[in-house]
Each structure stands twice: as C-alpha cells, then as structure tokens.
1. Can you tell me what percent of all Cα-Cα pairs in segment B:266-352 are more than 17 Å apart?
2. Which number gives the lysine pairs in segment B:215-369 that have C-alpha atoms under 26 Å apart and are eight or more places apart or on different chains?
3. Using the Kyte-Doolittle scale, which helices in chain B average at least 1.6 and also have C-alpha atoms spread 30 Å or more along the helix axis, with helices defined as whole DSSP H runs?
4. With charges set only on the Cβ (+1 for Lys and Arg, -1 for Asp and Glu), what does the dipole of the protein assembly as shown come to about its Cα centre, in debye to the nearest 20?
5. Quick one: pull the percentage of alpha-carbon pairs in the protein assembly as shown with a separation above 35 Å.
6. If Rh is defined by the Kirkwood formula over all Cα pairs and Rg also comes from Cα, what ratio Rg/Rh do you get for segment B:213-369?
7. Hey, could you pull the Cα Rg and Dmax for segment B:174-251, both in Å?
8. With only alpha-carbon atoms in the gyration tensor, what are the semi-axes of the equivalent ellipsoid for segment A:1-96, in Å, largest first?
Amino acid sequence: MLSESVERIKQMVVKEFIQIFRDKRMKAIVFVIPLLQTMVFGYAVTMDVNNIPTAVYDLDRSYESRELVRRLTASGYFDVLYTLGSPAEVQDLLDRSKVTLSVQINRGFSADLHRRIPTAVQLLVDGTDSNTGIVALDYATRIILKYAGDLAPSGSQLAARIDLRQRAWYNPELKSKNYNVPGVIAMVIMLTSLLLTSMAVVREREIGTMEQLMVTPLRPAELIMGKTIPFAIIAFFDMILVTAFGVLVFNIPINGSLVLLPLSTAIYLLSILGIGLVISTVAKTQQQALMSTFLFYMPAVLLSGFMFPIENMPDFFQYLTYANPLRYFLIIIRGLFLKGNGMEILWPQMAALLIIGTVVITLSALRFRKRLV
Amino acid sequence: MKFIRIKAIAKKEMLQIVRDPLSLAMGFLMPALLLLIFGYAISLDVDDITTIVHDLDRSSLSRELIADLTASGYFKVVRYAEHHREIGDSLDSGVARVAMTIPVDFSRDIGAGRVARLQVIVDGSDSNTATIALGYIAALSEIYGRRISGITLKPLIEIRSRVWYNPELKSRNFIVPGLIAVIMMVIAALLTSLCIAREWERGTMEQLIATPVKTPELILGKMAPYFFIGFIDMALSVTMAVLLFGVPFKGSLFLLTVISGVFLFGGLSFGIIISIITKSQLVSSQISVVATYLPAFLLSGFMFSISNMERPLQVLTRIVPARYFVAILKGLFLKGSSVRFLIADAVFLLLFAVITFTVANRKFVKRIG
C-alpha cells in the first residue's frame, strides 16, 4: 500500500520534472536566477558610503586649504571630481546630481588658522539621498575637526583621554557582502519555489490537465507531494549553488555546522512550498498566481530584516514580522555562516519555522481537497 | 494600421481584464501596499541600537557615560552584564548588537590624567549598522571626554553645513519618489509579460492569427488597457506620496505626465517582448522577475546609490531604464528640475521605448508553429 503510494508520487515527480525542463530555458533559469542575485548582492548592493562625488571651491588656495582637501581625498570616502571657479558652478553640479557634497573654503582660511582665530568651512550637501547625505556630512565633519585638532593640539590635551578599543565580531572587516550573500539563499529559495509552485499548479487547472490528473488513482496528498517535491529539489540545488558560489567567489565564511544548513533549509521550504500551495488554491489563472505571489513576496522581503533592520520599524510592523518565515530563516542562515551559531541558539527560530510550515501546509491541504472535489 | 482594429483588440483585452477582477485589484493594491510599507515601516535611520553594558567601574563617571549613551537616542541599553560571559551570549544570540565594557580603573585613570580605556564590541554581521554604531560611539566618547574635563573651547574650524533639496534629511523623501519608478516598472512588466504567452498557451492565438489584425495593431491594442491601468497606478502613487507622506512635489505635473507616459510605454513593450519570446507563462514570469524587478530594485539607484557600486556594475546600470526614471522622479519631486536638467535622462527613456516597441514588432511572428 505504502510502496504503491510512493510509486505514484515518484511517477508524478518524474512527470513534473519532464514538464518543467521540457522548456530548455527553464534549465537556464534555475541556474541563472540564483547566480545573478548572488552577483548583484555580492557586488552591488551596499549601503556602505564611499567615493562620494565631491566638488571643491577653494578661494584660499593655500597650503592649509590644499591639505584639508588632501585629507578628504585620502580618507577614501570622498572623490574630488571638480575643482570649481565660481559659486554658480556649485549650484549647477548639485542640480544635475553630479556631486553630493560641495566644500567651500573661504579666502582668509589659512590666515585665520595662523592667527588661531576660529574660521569656517562651508559644506553643501545634496539631501536627496538622505542616507548618503547624513553619512557624507558626518565623515566630512570628523575629518575637518580632526584637522582642526591637529593644528591646535593644546585644546585637546586638556580633555580627558579615552582610548576607545573597537572590535567587530563575526565580520571583522565589516563587509556588507558577508551579510548579504547568505541572505540571498533565503531570497532565491523564496522567489523561485514560491513562483514555480503556485504557477505550476494553477497551470494544470488553466490548461485543463487537472481533470486528467483527477481520474488517475493519485490521492490528493500524493498529488500535492508530487507537485512540490520537484521544486524542493530545485530549491536544494539552488541553495548548494549559492553557497558554493558565495564561498568560492566571494570568500564568505561558513563558521557554523554544515549539517544544520540543509536541515534548516528543509524546514524553511516547508513553509514556502505551503504558501505557494495556498496561493495556488486561491488563484484561478497564472496571471493571478503571479500577482498574488508578488503581493506576498515583496512585503515579505521588505519586512524580514534582509535589508532593513527590524528594530528600526514601528512596533506594529515588528509584530507583523513574526509571521514571516523569511525573518527566521535569515537569522538562522546568517547565524550559521557568520556567527557559527549552533542548535542551542537557533532552536527557537527552527521551532517557529516548523510551526508556520505546519500551519500553512495543513491549510493548503484542506483548501486543496476542497478545490479538487 | 487601422485605428478601428486597435480599438477592437483593446476592447477585447479590457473585457478579459475586467473579467478577472482579482488580478485587476492586485494591480492597484500592489503600489499602495509598497508605498505604505516604504512610507511607514522602513527607515534607514539607525537608532535604538540594542546595547549591553558591562560596567566594572561602577563610579559616577561610568554611570555618566552610560547616561550619555542612552540620552543620545542612538543606543538602547537592553541589559547590564554581571559577568564577561554574558557579552558573548548576548551578541551570539542577537539580543544586543553592541557591547560596551568599562574597565575597573576607568574613573581612576581619568582622575589621574592617564589614558582611560573603553572597550566596545559590535556585531559586525550587519556591516552597515555596525559602521554607523561605531561612528556614533567614537563621537560620543569624544564629546564625553571634553565635557567631563570642562572644556568648552570651540574647535578652530567651524563647520557650516547646509542641506539642499531635502533639508531635514528624511529618508522617506528620498525613497518614495524613486519607489514610484520601481513600482511602475514592475507593474508594467507583470501586467504584460503574460498577456501574449497566455494566448499561445490557451490556443486562442490561432483565432487572433486568423483575423486581419496586423502585428503593430495587435501589440498596441494589447498595450492600451495596461497603459490606462499603469497611469491610474501612477496617479495613485503620486497622490499618496504627496498627500499621505508629505513628500514635496516641486516640479511640473505636465513633465511628469509626459515622461511617465514614455516610460510606461517602454516598460509595457518590454513585458510584451518577454511574452512574445517565451510563449509560456511560467517561463515568462521568471524572466520578467530577473529582467525587470531585480534591476529596477537594485540597480536603479532608488535606494542603493550607484556611485558606491563597483565599476562594471556602474556601467551595467546604464542599460537599466528605471535608473533614468528614478533620477527624473527625484529631480521632479525634490529639486523641481526643469526640462534642461531632465532632457538627457528623458532621451534615454524615449530611446528605450522606441527600441522595445520596434523589437516587439519584429519578434512577433503571426504564424502558427
């Protein structure tokens, strides 16, 4: 009895694989999407701010003013692209978004410094991108104040000297790719499995082949398993692909246990495939499945802590994230890669995923049966 | 090309859309939902960083330092450690992101004029938050050092800074205009990427082929209703941005309408190309995600600034149409840019629209098999 059931599921899985990959382009897609995302997140997506395009309007043209500009450049944060001759140019460059910061050093800057009279430096920031704006102001302020302190050491000698010893754990060089690339595993699995599951089931209904499946001896549970197992296999393949790529190309460390990675992926998949199935029972057409998937996917990504820390969100949205499987899997996967966390720390996340998974799978099974009859 | 045939196809498509109210509703719900999330939930400002403090000194000076930390608003002390081990546990489990240890002789060293040590450990996994947290702490400890020594001397160089276009540096003002571009690109592609593949899959394309309708007529007719929906989405997004989120709109509404129209036309043609090439809704949906959603979201500069990217990627962003629309929208909203500043970006969008529409027409073969 059981072996017959297994045989039926196996046949269904084989049929499903033939169908998915009959379209040669699907093979490429299963490869390309994960790799593309890893590349983009490894290279592109960073909130780190450096190479801030900068213009300098130096009216003083002295050793001191040039030294200040040199220090700004040497910090690595500022790219002095323009040296200006008139204030009108400043306006123009900012309007055309050619520079983010403009530094104006007035005439008399060095003379004032020599006479120890407080002098001024003017900074103009394009606030359109508020994050870069804040950081640019902060960096520039620190560099200029440091310069002022170096010129007049007597003032700072009076202050209590505090030796700040800073260390960053888990990611000592503070590289954003180490944080982002493990997260890509969660994203890729979510997008690919969710979309494929929901659309593949709805397709049977749209084309009318669902009726053919219903006259076979397949039971509803077997049908669900036959439909989801291929996507689970693809998801596992993608997980291995991204991990290998991340480790080999981007040198992402894996500090945790390699056993926990597939285990937690499996638990995570439970909830993702479950949600895909639920969507497939709601949607009548593939268009609806695609739209519903996106309607779920985008908020889920934004409210997961993938790019935007959950602690910064208002309370209401923070509570909302507790229902988001992505939230838990991100903690697990980053804990595994960067912190070397083990089961003793990650078990609450695993448990939460297991609960969400059980709930959505049950829900989808109930709805699925109803839709079949 | 006959207008009446375009109209007929558009009417047929419109009927099909109306018959599927769920998709239509989601087409309107999606921009609203995204704007709400970005407007209310997401903030790039880093504050309330969870902190654990291990105060071994337990003096008035160390307590003052902790008070400074809390009063800054950037840090939230979630726990006071009794033992060194607690620091490791808190960071491992993510309870705290920052751990500050004030050594036993902290106040004694300050009193004696010696260098007082202060140890700070951050959870570096989220590098962005960690960098900002470290910057805050460095600034705080500097100010603290000056304050407890009673130094009120002004630094030799005074910094006069002004922020243009977004004086309060609100992240909402910077994100929302760019977000509208991303939404439009995604909606345009999601709506059209299935509309031709569907006809092939269901077999109704054969019926269309049997009619006298010509390729450009078919494509324009198919696009018309989505163009209409896209424009409603656009109007909805702009209204929400201005009325609900108070994002200033300084530019010309006429320019916004014209440029949005061009962008939408290009985006819809692009979706149609995907649909024509794949002839399968499943493949189409996957490709449109890679070709529209990801680049629009990640490589358009809407949130992740292009000047921070590696060189090859910066070059790559030049072929992402959303990049130009993001720049235009930010200019129109925050800078009140005039045609003179927008023309270069607008030309790219026009080019994109012309190319995609031409390619769509070339690729569509009105033949069975």
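1. On the way: 2039 of 3741 pairs.
For segment B:266-352, the share of Cα pairs beyond 17 Å comes to 55 percent.
2. Numbers: B:Lys222/B:Lys279; B:Lys222/B:Lys363; B:Lys222/B:Lys366; B:Lys250/B:Lys330; B:Lys250/B:Lys335; B:Lys279/B:Lys363; B:Lys279/B:Lys366.
Within segment B:215-369, the lysine pair count is 7.
3. Values: long enough: B:127-148 (31 Å, 0.47); B:171-192 (32 Å, 1.93); B:215-239 (36 Å, 1.06); B:253-278 (37 Å, 2.32); B:339-363 (35 Å, 1.52).
Flagged H segments are B:171-192, B:253-278.
4. Numbers: 73 positive and 55 negative charges, 454 e Å.
It works out to roughly 2180 debye.
5. Working: 141986 of 274911 pairs.
Considering the protein assembly as shown, 52 percent of its Cα-Cα pairs are separated by more than 35 Å.
6. Working: Rg = 16.8 Å, Rh = 16.9 Å.
On the Cα set of segment B:213-369, Rg over Rh gives 0.99.
7. Every Cα atom of segment B:174-251 included, Rg and Dmax give 17.1, 52 Å.
8. On the way: eigenvalues 796, 45, 16 Å².
One finds semi-axes of 63, 15, 9 Å for segment A:1-96.
Each reported figure results from applying straightforward, stated rules to the coordinates on display, with no laboratory input. The shown structure was predicted, so the numbers you read here are calculated from the model rather than taken from an experiment. Glycine also receives a Cβ, built like all others from the backbone with ideal geometry; neighbour counts cover every protein chain displayed.
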